[in-house]
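Student: Here it is, the structure, as structure tokens.
The values are calculated or read from the model by the stated rules, or taken from the named source; none is laboratory data. Quick caveat, the model's predicted, so the values are computed rather than measured. With ideal geometry, Cβ positions are generated from the backbone for all residues, glycine too; neighbour counts draw on all protein chains shown. Quick note on the areas: whole protein, heavy atoms, side chains included, nothing else; ligands and nucleic acids left out. Shrake-Rupley method; radii C 1.70, N 1.55, O 1.52, S 1.80 Å.
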Amino acid sequence: MLRCALGLGTAVGLTLALAQPAWAVEFERVVIDDAFPGAYQVEVADVNGDGKPDVVAVGGGTCAWYENPKWTKEVLAGPKLTPGIISSATADAEGRGRAQVALAYEFAMNQPAKGELLFLRQSVSDKPPLSVTAVGHIGSIHRLRWGDLDGDKRLDLVIAPIFGPSAKPPAFNQEGATVLAYRKRVDDTTIDFREAEKVGVAPVLHAIDVVDIDEDGRADVLTASNLGVTRMNLGKDETWISTPLVPGAPGESPKRGSSEVHVGRLRDGRKFVATIDPWHGSQVAVCLAERPGSLVFGPRTVIDDTLADGHALWVADVDDDGDSEIFAGHRGADHRVSVYDFDGKAWNRTVLDRAIAAQDLRGGDLDGDGTPDVVAVGGSTHNVVWYRMRRNNRTGRR
């Protein structure tokens, strides 16, 4: 069974035996911040270049960096600079030894023409100051991710709006959202923000995953939209190709298709696409590849249909058995974070945490023990929480 120790800052307090799976994984619930109103997105990234993954959280008008291992909080951008912040992407994309931070802000759900992109560069000192580049207006900007799109060993910035600029409620489908990318450099390091290239278009595009799904050395952009999941990849002739991968849930716009997406793998080598369906939906679904190496995915298997306003998804093999586990959370009624483990036949759910209205989930090895950890943020619960797997309780089944 999975066990979870609850604590604040350090793992102390009540130990809970949660749920039914026939696997034994023990987590510590470490609260990194319990006073972050409106927390919306979280990242795990090495901000200061010390080799230790840190936590970056955004929400309201604030982008905060929590430095590993003490989790001291540093505000990188505040409401005066980035009101209505909605997403961040943090990485040393320019090879400067410290991370650069792209920030999407001025987001307004019912005003799709609004949206701005900002880029922060750090000095080589231990703490900010930061130099600020106002990249410019991108209507309905909603998700930012880094990835090597063209195989040149340098990170590119992917920008995904949620709607087209003329989309209107309630359907929001009058115009698709255009995914953009910045790939060029003005020199060997500095990213050229003068012109973005068009990657593809999808209606009500809620989330993206930038991952090399076909393992060709180039990252693909997977979009979760009213079309389900679409793969957008750069062809050999430098043109962008859009290919449907999985359909998502049926329904009427905007409550159709997919809302979140990540890719996992089973121990037999087959990949799977995990989604939350439909937009802000109730279902956690899995589509499994036909065979190892294939990108043809079978029918949707709904493994949970009890989410209320599903908004958080992550995939990682935390028990070292060769099968990726699925983490999902929602922010509505009975909010929680759950983990789903595949036993060879079915996906078994364990509730990890009911004290968080999960807006986002992300992962990384925060304590350096070789085991993936997971971090969540809760908007209405105002918290940033690290689910740390106990290093003395690894029970893999390789």
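Student: GNM on the chain, C-alpha springs below 10 Å: top fluctuator among ARG336, ARG231, ARG96?
Tutor: Maximum fluctuation in the GNM of the chain, among the listed residues, is at ARG96.
Student: Not counting ligands, DNA or RNA, and with a 1.4 Å probe, what is VAL25's accessible surface area in Å² rounded to the nearest 10?
Tutor: Its accessible surface works out to 0 Å², give or take rounding.
Student: Counting only pairs 8 or more residues apart or on different chains, how many lysine pairs in the range 46-195 have their Cα atoms under 29 Å apart?
Tutor: 16
Student: If you roll a 1.4 angstrom probe over the protein chains with everything in place, what fraction of the accessible area of the chain belongs to carbon and sulfur, to the nearest %?
Tutor: Carbon plus sulfur share of accessible area: 51 percent.
Student: Could you give each residue of the range 95-110 its phi-based ³J(HN,Hα) in whole Hz, using Karplus coefficients 6.51, -1.76, 1.60 with θ = phi - 60°, and x for Gly or Pro?
Tutor: Whole-Hz 3J(HN,Hα) from phi for the range 95-110: x, 9, x, 9, 6, 9, 10, 8, 10, 9, 8, 6, 7, 9, 3, 9.
Student: Quick one: what are the phi-derived ³J(HN,Hα) couplings along the range 327-339, Karplus 6.51/-1.76/1.60 with θ = phi - 60°, whole Hz, x for glycine and proline?
Tutor: Whole-Hz 3J(HN,Hα) from phi for the range 327-339: 10, 9, x, 9, 10, x, 4, 6, 4, 5, 10, 10, 10.
Student: Then there is this: Under a crude label model (7 Å from the Cα following the beta-carbon direction), how far is THR133 from ASP192 in nanometres?
Tutor: Spacing of the two 7 Å Cα→Cβ label points: 1.2 nm.
Student: With charges set only on the Cβ (+1 for Lys and Arg, -1 for Asp and Glu), what does the dipole of the chain come to about its Cα centre, in debye to the nearest 20?
Tutor: 520
Student: Another question about this same structure. Give, as ranges by residue number, the residues of the range 229-272 whose backbone N falls under 13 Å from the point 7 Å along Cα→Cβ of VAL296.
Tutor: none
Student: Still on this structure, I have one more. Among the aspartates and glutamates, which fall within straight-line cross-link reach of LYS198, defined as a Cα-Cα distance under 18 Å, with same-chain neighbours fewer than 8 residues apart omitted?
Tutor: Result set, ordered by chain and number: GLU116, ASP148, ASP150, ASP156, GLU175, ASP209, ASP220, ASP237, GLU238.
Student: Moving on. Probe 1.4 Å, all protein chains in place: accessible area of GLU197 in Å², nearest 10?
Tutor: My reading of the accessible area for GLU197 is about 50 Å².
Student: For ILE241, what accessible surface area do you get with a 1.4 Å probe? Give it in Å², rounded to 10.
Tutor: Here the residue's solvent-accessible area equals roughly 70 Å².
Student: Return the single residue from VAL47, VAL204, VAL132 with maximal mean-square fluctuation; model: Gaussian network over the chain, springs between Cα atoms under 10 Å.
Tutor: Comparing VAL47, VAL204, VAL132 in a Gaussian network model of the chain, the most mobile one is VAL132.
Student: Using modelled backbone amide H atoms (1.01 Å from N, in-plane), which distant-in-sequence or interchain residues come within less than 5 Å of ASP304's amide H?
Tutor: Excluding prolines and chain starts, which carry no amide H, the hits are VAL284.
Student: In terms of modelled amide H atoms, which long-range or inter-chain residues lie less than 5 Å from the amide H of LEU245?
Tutor: VAL229, THR230, ARG231
Student: Accessible area per residue of the range 207-363 at 1.4 Å probe, in Å²?
Tutor: Normalised by residue count, the accessible surface of the range 207-363 is 35 Å².
Student: Can you bin the range 118-274 into rounded, prolate or oblate? Criterion: square roots of the alpha carbon gyration tensor eigenvalues sorted a ≥ b ≥ c, rounded for a/c under 1.5, prolate for a/b above b/c, oblate for the rest.
Tutor: Taking the square roots of the gyration eigenvalues as a ≥ b ≥ c, the range 118-274 is oblate.
Student: Top mean-square fluctuation among GLU215, GLU106, GLU74, Gaussian network model of the chain, C-alpha springs under 10 Å?
Tutor: In the Gaussian network model the winner is GLU215.
Student: Suppose every Lys and Arg Cβ carries +1 and every Asp and Glu Cβ carries -1, with no other charges. What dipole size does the range 122-240 come out with about its Cα centre, to the nearest 20 debye?
Tutor: Here the size comes out at about 500 debye.
Student: If amide H atoms are built 1.01 Å from N in the plane of the peptide, which residues on other chains or at least 5 residues away come under 5 Å of the amide H of GLY200?
Tutor: VAL179
Student: A further question follows. Using the Cα gyration tensor of the range 55-108, with a ≥ b ≥ c the square roots of its eigenvalues, what is the shape: rounded (a/c below 1.5), prolate (a/b larger than b/c) or oblate (neither)?
Tutor: Oblate, because a/c is 1.5 or more while a/b does not exceed b/c.
Student: Which whole-Hz ³J(HN,Hα) couplings does the range 220-235 yield from phi under the Karplus relation 6.51 cos²θ - 1.76 cosθ + 1.60, θ = phi - 60°, glycine and proline marked x?
Tutor: Couplings: 9, 9, 9, 9, 9, 9, 5, 8, x, 9, 10, 9, 10, 9, 7, x Hz.
Student: Fully extended, how many nm does the chain gain between ILE241 and ASP369 (0.36 nm per residue separation, minus their Cα-Cα distance)?
Tutor: 42.2 nm
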